[in-house]
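**Q** Below is one structure. I have some questions about it.
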Amino acid sequence: AAGVIQSPRHLIKEKRETATLKCYPIPRHDTVYWYQQGPGQDPQFLISFYEKMQSDKGSIPDRFSAQQFSDYHSELNMSSLELGDSALYFCASRLAGKTDTQYFGPGTRLTVL
Amino acid sequence: QKEVEQDPGPLSVPEGAIVSLNCTYSNSAFQYFMWYRQYSRKGPELLMYTYSSGNKEDGRFTAQVDKSSKYISLFIRDSQPSDSATYLCAMSASAGGTSYGKLTFGQGTILTVHP
């Protein structure tokens, strides 16, 4: 079965640079979530989209923005990167109106030097 | 104080043991309860999903939810070395409310099953 696809899997950036993370949800899933997981931490909710509209917002810095496109894929844009942004970024998807079961992608490991 | 509390362990058990993992929570709005397994540097993998109070069994795994006590558990029977991973409890409020299903996680319990 198709799973959530994230790209790139690894990303190394310098401080103050920008990064774009991409997420391709499971086919027919219409809701996308982004989570940030720091070393030894639990995943923290950043932002979610339903039918291309932002549906909820968590602890996402103002330097970050995200959107969901017409094909339901999503991109997380991160600017003015800081050392503390180094983390695993997970995307999850679900089919709204069914259950709250979210399926996670393999994550993008971002390292800021 | 975190909305979801989970003993981070680590927990080390011999192969074949019964493992009990637990989480407590404070948000009464939580109605959907999940357990995820996460191997090192991988994405969380959904193990069990339950709605509201009750028990659910799937093979060697049993999930229990007690909403009156705000307490959930995951039991693993006949544990195997391949079960060694971090186990995360997660929960969400009704999607009909102001929360569209975002998950709140516990800290995760590191489990090692040794042969």
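**Q** Can you find, within region B:40-51, the residue that is farthest from residue A:42 (Cα to Cα) among those that are over 12 Å from the mean Cα position of the chain (by Cα) and at the interface with chain A (Cβ under 10 Å from one of its Cβ atoms)?
**A** B:51
**Q** Tell me, which residue of region A:45-67 that is within 8 Å of chain B (Cβ to nearest Cβ) and without any contact (Cβ under 8 Å) to a residue 40 or more places away in the chain is surrounded by the most Cβ atoms within 10 Å (Cβ to Cβ)?
**A** That would be A:48.
**Q** Restricting the search to region A:68-90, which residues are at the interface with chain B (Cβ under 10 Å from one of its Cβ atoms) and over 16 Å from residue A:23 (Cα atoms)?
**A** none
**Q** Now a separate question. Go through the residues of region B:38-52 one by one and say whether even a single one is part of a loop (DSSP other than H, G, I, E, B), aromatic (Phe, Trp, Tyr) and modelled with pLDDT under 95.
**A** yes
**Q** Continuing with this model, one more query. Here are some residues: A:55, A:70. Which one is within 28 Å of residue B:5 (Cα to Cα) and more than 9 Å from the chain's Cα centre (by Cα)?
**A** Only one candidate qualifies: A:55.
**Q** Among (1) within 14 Å of chain A (Cβ to nearest Cβ); (2) more than 26 Å from residue A:39 (Cα to Cα); (3) touching a residue at least 24 places away in the same chain (Cβ under 8 Å); (4) of a type outside the set (Val, Ile, Thr), there is one condition residue B:37 misses while meeting the rest; what is its number?
**A** (2)
**Q** Select from region A:62-76 the residues that are touching a Phe, Trp or Tyr at 6+ places or on another chain (Cβ under 9 Å) and among the charged types (D, E, K, R) and list them in ascending order.
**A** Scanning region A:62-76 gives A:71, A:75.
**Q** Is it the case that region B:37-47 has a residue that's in contact with a Lys or Arg (Cβ under 8 Å, 6 or more places away or on another chain) and of a type in the set (Asp, Glu)?
**A** Among the residues of region B:37-47, at least one is in contact with a Lys or Arg (Cβ under 8 Å, 6 or more places away or on another chain) and of a type in the set (Asp, Glu), which makes the answer yes.
**Q** Further question: Would you check if there is a residue in region A:91-110 being away from chain B (no Cβ under 12 Å), surrounded by 16 or more Cβ atoms within 10 Å (Cβ to Cβ) and over 15 Å from residue A:55 (Cα atoms)?
**A** yes
**Q** In region B:93-108, is there at least one residue being surrounded by fewer than 21 Cβ atoms within 10 Å (Cβ to Cβ) and outside any loop (DSSP other than H, G, I, E, B)?
**A** Within region B:93-108, one or more residues are surrounded by fewer than 21 Cβ atoms within 10 Å (Cβ to Cβ) and outside any loop (DSSP other than H, G, I, E, B).
**Q** Counting only residues that are at pLDDT below 95 and basic (Lys, Arg), how many does region B:71-115 have?
**A** 1
**Q** Name the one entry in B:107, B:31 that is among the polar types (S, T, N, Q), within 22 Å of residue A:37 (Cβ to Cβ) and touching a residue at least 40 places away in the same chain (Cβ under 8 Å).
**A** Selected residue: B:107, the only one of B:107, B:31 that is among the polar types (S, T, N, Q), within 22 Å of residue A:37 (Cβ to Cβ) and touching a residue at least 40 places away in the same chain (Cβ under 8 Å).
**Q** Still on this structure, I have one more. Restricting attention to region B:62-74, which residues are out of contact with any Phe, Trp or Tyr (no Cβ under 7 Å at 6 or more places or on another chain) and part of a strand (DSSP E or B)?
**A** Listed by number, the residues that qualify are B:64, B:66, B:71, B:73.
The values are calculated or read from the model by the stated rules, or taken from the named source; none is laboratory data. It should be emphasised that the depicted structure is a prediction, and the values quoted were computed from it without experimental measurement. Cβ: placed from backbone, ideal geometry, glycine included. Neighbour counts: every protein chain shown.
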